[in-house]
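Colleague: My questions will all concern the structure given below.
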Amino acid sequence: RSVYDDQPNAHQRFMEKLDACIRNHDREIEKMCNFHHQGFVDAITELLKVRADAEKLKVQVTDTNRRLQDAGKEVIAQTEEIIRCRVQQRNITTVVEKLQLCLPVLEMYSKLKEQMNVKRYYSALKTMEQLENLYLPRVSQYRFCQIMIENLPKLREEIKEISMSDLKDFLESIRKHSDRIGETAMKQAQQQKTFSTALQKQNNVNYGWNMHLGRSRILETKNEITLKRTFEDDDEHEEEVLTAQDLVDFSPVYRCLHIYSVLGDGEIFENYYRKQRRKQARLVLQPQSSMHETVEGYRRYFSQIVGFFVVEDHILHVTQGLVTRTYTDELWNMALSKIIAVLRTHSSYCSDPDLVLELKNLIVVFADTLQGYGFPVNRLFDLLFEIRDQYNETLLKKWSGLFRDIFEVDNYSPIPVANEEEYKIVISKFPFQDPELDKQSFPKKLPMSQSVPQIYIQVKEFIYASLKFSESLHRSSTEIDDMLRKSTNLLLTRTLSSCLQNLIKKPHIGLTELVQIIINTTHLEQACKYLEDFISNITNISQVTVHTARLYGLSTFKDARHAAEGEIYTKLNQKIDEFIQIADYDWTMSESDGRASGYLMDLINFLRSTFQVFTHLPGKVAQTACMSACQHLSTSLMQMLLDSELKQISMGAIQQFNLDVIQCE
């Protein structure tokens with residue numbers, strides 16, 4: 001520090017001291033070198049002596065090395081070969097070990113590709129799962145494994161798309177085959193029902209029931225044969241009963257369900273399936289506008305619906321959770337409401353009772369089929385009761401025309417029978433009993449006209465027709481008996497009564513025809529009890545049952561008879577008025593002709609012949625007609641005498657008028 005102080009000559013003094021120090025060190029070094037110099041010289045001298053030996057040794061070593069190198073070249077070559085072989089062996093071992101790890105992966109991947117090619121998608125997903133969890137983690141460091149890992153999600157998506165495409169094809173397939181499946185199911189239900197019905201008929205030994213079936217079985221058998229023919233498959237030689245599995249391959253839906261379940265998207269698949277099936281249900285439930293025109297339209301409609309729910313029932317029982325009972329019940333309730341609305345609308349257009357009856361048979365088969373699959377069908381049978389009323393209305397319209405035709409062609413004269421055979425033919429058609437007439441010899445005449453047995457036969461035909469609808473409705477014999485009696489009462493009190501009233505009011509119906517109509521209604525009234533027995537024999541329900549309804553035919557025919565009687569009185573009075581109108585009194589004549597007027601004699605002759613026709617009527621009717629005619633004639637004569645336009649009357653005219661009155665008395 002003192003060197004850099006500001007003292008004068010400090011630097012110079014420092015440099016002087018430093019030079020002195022250097023000189024001291026140099027002297028010490030020189031002393032050291034002088035001390036070791038002799039040893040150095042000795043060493044150099046020894047080295048010079050060794051130099052010659054070293055060069056000689058170098059030559060020997062070089063020569064030895066050359067000979068050794070020449071001798072070791074082959075050993076080196078063999079050693080390098082051995083090293084190279086051992087490296088190759090080690091590499092081969094390593095490759096084998098790695099290939100042993102990779103081969104299962106490659107084999108599984110190859111298996112996966114093969115499964116994809118043969119469309120075994122569910123197995124392919126299982127293979128993918130094994131690859132991801134077991135095989136690929138062992139060799140994940142290799143590039144090809146990374147490619148595989150990247151491809152697996154793509155393969156899964158491809159499988160999902162393919163399985164969804166298969167599902168769509170399956171949905172389209174069952175949509176096309178729904179009617180065929182439905183026909184098959186309905187055919188099986190119809191065959192089972194026919195078999196059960198045959199057993200019941202064998203067990204039924206009631207005579208009246210058999211008498212009824214003796215005629216109706218033919219028609220019923222024809223209906224069953226017709227219905228069966230419509231359900232036959234295209235292959236007439238096919239004997240095995242087809243099922244839904246025979247007509248539709250359900251494997252796509254199974255595969256798709258399993259695939260989506262494995263992929264964890266089971267709920268998505270279930271929602272998609274149910275949504276699509278609901279759409280198909282709406283399409284199936286949509287009827288054609290012309291469905292009501294033919295029974296084939298109804299049959300196709302029912303077949304499609306049955307086929308739809310048969311498939312759903314199959315899916316319900318063979319899959320777990322794809323559809324549930326709650327889902328199918330909800331779908332059925334929705335469909336049932338739509339079906340009932342459609343049938344109400346379209347059945348209202350049916351005016352042919354045969355078509356309505358065939359519709360009823362189809363509804364019964366439809367209901368029985370679906371009931372066999374566990375679907376509630378009570379509402380369908382309730383609908384049948386509504387259709388039954390419509391069926392009865394169509395029957396009443398049809399029978400109204402039949403009654404009018406019978407009345408139109410009737411000659412309104414007693415039925416002539418020439419021999420016993422003709423008499424038995426009439427008796428077989430109508431329950432007529434008259435001991436007095438039986439005693440008479442042939443030829444003879446039955447009091448009623450041809451329309452009476454024809455009307456009786458048509459009433460029985462109506463009961464047969466009404467019974468056809470009442471059968472297979474799962475109702476008791478008492479209920480069927482009540483239905484038949486109510487419908488027959490409607491026929492008698494409304495249809496037949498209206499036809500009789502219209503007939504009586506027709507202008508061309510004369511007194512003779514009216515008299516015959518009264519006689520006819522009397523015999524039809526007496527036949528009502530046979531109709532009640534007929535219904536009881538059919539239904540096997542005794543008439544003494546408390547709830548058994550009675551036929552109202554008595555009142556119907558009584559009302560018709562009273563109307564005919566009133567029409568007789570009216571027409572008789574009209575005829576009297578016609579005779580009165582041709583009366584030509586000369587009120588200024590000087591004296592009478594001495595005999596009754598010609599018009600009055602004609603009138604009396606007409607009344608005499610008319611009252612002869614009345615001999616077949618009850619006495620009260622004839623007496624009332626006579627009293628009515630006399631009263632009307634008396635009133636007409638009195639009005640003639642007291643006419644305000646009559647200004648004067650001579651004594652001769654009064655005498656002539658008196659003669660006419662005496663003649664009337």
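Colleague: For residue 482, are the conditions met, namely being free of Cβ contacts under 8 Å to residues at least 24 places away in the same chain and over 30 Å from residue 572 (Cα atoms)? Steps first, answer last, please.
Modeller: Numbers: free of Cβ contacts under 8 Å to residues at least 24 places away in the same chain: no; over 30 Å from residue 572 (Cα atoms): yes.
Judged against the criteria, residue 482 is not a match.
Colleague: So the check is Cβ under 8 Å with 6+ separation or different chains; which pairs have a first residue in segment 173-190 that's at positive phi and a second one that's open to solvent by 10 Å² or more (accessible area, probe 1.4 Å) and assigned to a helix (DSSP H, G or I)?
Modeller: Hits for this filter: zero, empty list.
Colleague: Then there's this: In segment 586-598, how many residues are within 17 Å of residue 665 (Cβ to Cβ) and of a type in the set (Ser, Thr, Tyr)? Explain how you work it out, then say what you get.
Modeller: At the first step, the residues of segment 586-598 found to be within 17 Å of residue 665 (Cβ to Cβ) are 592, 595-597.
From what is left, the residues that are of a type in the set (Ser, Thr, Tyr) are 592, 597.
Within segment 586-598, residues that are within 17 Å of residue 665 (Cβ to Cβ) and of a type in the set (Ser, Thr, Tyr) number 2.
Colleague: For segment 621-652, which residues satisfy the criterion of being at pLDDT 85 or above, open to solvent by less than 30 Å² (accessible area, probe 1.4 Å) and more than 13 Å from residue 576 (Cα to Cα)?
Modeller: 650, 652
Colleague: Step by step: first the residues of segment 133-143, then only those that are free of Cβ contacts under 8 Å to residues at least 40 places away in the same chain and either closer than 13 Å to residue 109 by Cβ or part of a helix (DSSP H, G or I) (or both), then the one that is most open to solvent (accessible area, probe 1.4 Å). Which residue is that?
Modeller: Restricting attention to segment 133-143, the residues satisfying the condition of being free of Cβ contacts under 8 Å to residues at least 40 places away in the same chain are 133-138, 140-141, 143.
Next, from what is left, pick out any that are either closer than 13 Å to residue 109 by Cβ or part of a helix (DSSP H, G or I) (or both): 133-138, 143.
On the way: 133: 112, 134: 84, 135: 45, 136: 5, 137: 73, 138: 119, 143: 194 Å².
Residue satisfying both the conditions and the ranking: 143.
Colleague: I need the full set of residues from segment 225-284 which are within 26 Å of residue 188 (Cα to Cα), β-branched (Val, Ile, Thr) and at pLDDT 80 or above, in order please.
Modeller: Matches in segment 225-284: 253, 284.
Colleague: Let me ask another. Quick check on segment 572-588. Is at least one of its residues within 28 Å of residue 516 (Cβ to Cβ), crowded, with 16+ Cβ neighbours inside 10 Å and among the charged types (D, E, K, R)?
Modeller: yes
Colleague: Report, by residue number, each residue of segment 431-474 that is out of contact with any strand residue (DSSP E or B) (no Cβ under 8 Å at 6 or more places or on another chain), hydrophobic (A, V, I, L, M, F, W, C) and in a loop (DSSP other than H, G, I, E, B).
Modeller: 473 - this is the single residue of segment 431-474 that is out of contact with any strand residue (DSSP E or B) (no Cβ under 8 Å at 6 or more places or on another chain), hydrophobic (A, V, I, L, M, F, W, C) and in a loop (DSSP other than H, G, I, E, B).
Colleague: Still on this structure, I have one more. Here are the criteria: (1) assigned to a helix (DSSP H, G or I); (2) more than 22 Å from residue 595 (Cβ to Cβ). Tell me which single one residue 648 does not satisfy.
Modeller: (1)
Colleague: Is it true that residue 381 is part of a helix (DSSP H, G or I) and in contact with a Gly (Cβ under 8 Å, 6 or more places away or on another chain)? Let's see the steps before the verdict.
Modeller: Values: part of a helix (DSSP H, G or I): yes; in contact with a Gly (Cβ under 8 Å, 6 or more places away or on another chain): no.
For residue 381, the condition - part of a helix (DSSP H, G or I) and in contact with a Gly (Cβ under 8 Å, 6 or more places away or on another chain) - is not met.
Colleague: Check segment 67-89 and report whether any residue there is among the acidic types (Asp, Glu), in a helix (DSSP H, G or I) and open to solvent by less than 70 Å² (accessible area, probe 1.4 Å).
Modeller: No: zero hits.
Colleague: One residue is enough: does segment 355-370 have a residue meeting the conditions open to solvent by 80 Å² or more (accessible area, probe 1.4 Å) and without any contact (Cβ under 8 Å) to a residue 24 or more places away in the chain?
Modeller: Within segment 355-370, the subset open to solvent by 80 Å² or more (accessible area, probe 1.4 Å) is none.
No - not one qualifying residue is present in segment 355-370.
Colleague: Does residue 444 satisfy the criteria of being exposed (fewer than 14 other Cβ atoms within 10 Å of the Cβ) and basic (Lys, Arg)? Even if it seems obvious, please write down each step before you answer.
Modeller: Numbers: exposed (fewer than 14 other Cβ atoms within 10 Å of the Cβ): no; basic (Lys, Arg): yes.
In short, no.
Colleague: For segment 411-418, state whether one or more residues are open to solvent by less than 20 Å² (accessible area, probe 1.4 Å), closer than 29 Å to residue 529 by Cα, hydrophobic (A, V, I, L, M, F, W, C) and out of contact with any Phe, Trp or Tyr (no Cβ under 7 Å at 6 or more places or on another chain).
Modeller: yes
Colleague: Another one. Of all residues in segment 116-132 being within 13 Å of residue 104 (Cβ to Cβ) and free of Cβ contacts under 8 Å to residues at least 24 places away in the same chain, which is surrounded by the most Cβ atoms within 10 Å (Cβ to Cβ)?
Modeller: Looking only at segment 116-132, we keep the residues that are within 13 Å of residue 104 (Cβ to Cβ), and these are 127, 130-131.
Subset that is free of Cβ contacts under 8 Å to residues at least 24 places away in the same chain: 127, 130.
On the way: 127: 23, 130: 15.
Ranking the candidates gives 127 first.
Colleague: Starting from residues that are outside any helix (DSSP H, G or I) and among the hydrophobic types (A, V, I, L, M, F, W, C), keep the ones in segment 616-645 and report whichever is nearest to residue 588 (Cα to Cα). Let's see the steps before the verdict.
Modeller: Taking segment 616-645 first, the residues outside any helix (DSSP H, G or I) are 617-618, 642-645.
Now narrow it down to the ones that are among the hydrophobic types (A, V, I, L, M, F, W, C): 617, 642.
Values: 617: 44, 642: 15 Å.
Only one residue fits best here, namely 642.
Colleague: Could you give me the residue pairs with C-beta distances under 7 Å whose first residue belongs to segment 500-520 and is assigned to a helix (DSSP H, G or I), whose second residue is among the charged types (D, E, K, R) and surrounded by 18 or more Cβ atoms within 10 Å (Cβ to Cβ) wherever it lies, and which are 6+ apart or on separate chains?
Modeller: 504/567; 514/567; 518/561; 518/565
Residue-wise test of (1) among the small types (Gly, Ala, Ser); (2) at pLDDT 85 or above.
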{"residue": "449", "(1), (2)": "yes, yes"}
{"residue": "453", "(1), (2)": "no, yes"}
{"residue": "456", "(1), (2)": "no, yes"}
{"residue": "461", "(1), (2)": "no, yes"}
{"residue": "475", "(1), (2)": "no, no"}
{"residue": "482", "(1), (2)": "no, no"}
{"residue": "487", "(1), (2)": "yes, yes"}
{"residue": "498", "(1), (2)": "yes, yes"}
{"residue": "507", "(1), (2)": "no, no"}
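Colleague: Can residue 148 be described as touching a residue at least 40 places away in the same chain (Cβ under 8 Å), part of a helix (DSSP H, G or I) and closer than 30 Å to residue 260 by Cβ?
Modeller: On the way: touching a residue at least 40 places away in the same chain (Cβ under 8 Å): yes; part of a helix (DSSP H, G or I): yes; closer than 30 Å to residue 260 by Cβ: yes.
Taking the combined requirement at face value, the residue satisfies it.
Colleague: In segment 113-144, what residues are hydroxyl-bearing (Ser, Thr, Tyr) and over 40 Å from the mean Cα position of the chain (by Cα)? Show your work before the answer.
Modeller: The initial filter retains those residues of segment 113-144 that are hydroxyl-bearing (Ser, Thr, Tyr), namely 121-123, 127, 135, 140, 142.
Matches in segment 113-144: 127, 135, 140, 142.
The values are calculated or read from the model by the stated rules, or taken from the named source; none is laboratory data. In this text the structure is predicted, and so the values were computed from the model without any measurement. A quick note on method: Cβ atoms are made from the backbone with ideal geometry, for glycine too, and the neighbour counts reach across all protein chains shown. Surface accessibility is based on the protein's heavy atoms, side chains included, excluding ligands, DNA and RNA. Shrake-Rupley method; radii C 1.70, N 1.55, O 1.52, S 1.80 Å.
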